[in-house]
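A.B. asks: Here it is: the structure, laid out below.
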Amino acid sequence: MIDFRYTSLSDCKLIEFEKNHRLMGNITSINEHSEVPFAIKRVYYLYDIPGGESRGGHAHKGLQQLIIAGSGSFDLELSDGISKMKMHLARPYQGVLLPPGIWRELVNFSSGAICLVLASEVYLEEDYIRNYEEFRESKILPPPQR
Ligand code: TYD
């Protein structure tokens, strides 16, 4: 189990999947333990999100996720309590791997966008940290570099 208190933005990875380009359309497959380093227990997706809307605004204590723009685009704003990073997701063959302990907001949804999420655990409200101050205080800062 990854200890969410110690994770940082350097543990978040942009992954590019195989595209399988065909004239009649493309196909991308994602397999547990190869493209995704965890067993996939849940798949969920956000859809019918009004253009320009925001979602997220929380971190997880144990959940690992792979976040994909299945259609359309949105921005992922990430924080480990010290640094912030913004990623633009607009390709169905790319995903961002998030370990636990990363605060995320999903912003600037294009209209009709689909945010597809592969998750390592079933839904559990106790796994959420929904207060940013509480999140920041839970993180253990790395020692200063010499
Ligand atoms: P939440 O994860 O807070 O969504 P977002 O961060 O995108 O705004 O979930 C919103 C609500 O949806 C939450 O109160 C419970 C429900 N929910 C489920 O029932 N199952 C799930 O797998 C998820 C992700 C959410």
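A.B. asks: Please compare each pair in K61/K86; K41/K139; K41/K86 to a cut-off of 23 Å on the Cα-Cα distance and tell me which ones are over it. Intermediate results must be reported in sequence, preceding the final value.
C.D. replies: Values: K61/K86 21 Å; K41/K139 26 Å; K41/K86 27 Å.
Beyond 23 Å: K41/K139; K41/K86.
A.B. asks: From the phi angles alone, apply the Karplus equation (6.51, -1.76, 1.60; θ = phi - 60°) to the range 114-120 and give each ³J(HN,Hα) in whole Hz, x where the residue is Gly or Pro.
C.D. replies: Couplings: 10, 9, 9, 10, 9, 10, 7 Hz.
A.B. asks: Something else: Normalised by the number of residues in the chain, what is the relative contact order in percent for Cα pairs under 8 Å and 6+ residues apart?
C.D. replies: Details: 342 pairs, mean separation 51.1, N = 146.
For the chain, the relative contact order is 35 percent.
A.B. asks: Excluding residues on the same chain fewer than 8 positions from K13, give the aspartates and glutamates whose Cα lies under 14 Å from its Cα.
C.D. replies: Within reach: E35, E77, D80.
A.B. asks: Rounded to the nearest 0.05, what FRET efficiency do K86 and E32 give with R0 = 25 Å and r taken as the Cβ-Cβ distance? Could you check?
C.D. replies: Working: r = 28 Å, r/R0 = 1.12.
E(calc), rounded to 0.05, equals 0.35.
A.B. asks: Test of understanding: ordering V107, V36, V122 by Cβ neighbours within 10 Å, fewest first, what list do you get? Please report the intermediate quantities before stating the final value.
C.D. replies: On the way: V107 15, V36 20, V122 9.
Ranked by crowding around the Cβ, least crowded first: V122, V107, V36.
A.B. asks: Same structure, new question: Sorting check: for 1-14, 90-103, which peptide has the highest mean count of neighbouring beta carbons within 10 Å, and how do the rest follow?
C.D. replies: On the way: 1-14: 14.4, 90-103: 20.1.
Most protected by this proxy first, the peptides run 90-103, 1-14.
All of the numbers you see were taken from the coordinates with simple rules; none came from a lab. Being a predicted model, the structure only gives us computed values, none of them experimental. In this analysis, Cβ positions are derived from the backbone assuming ideal geometry, glycine residues included, and neighbour counts consider all displayed protein chains.
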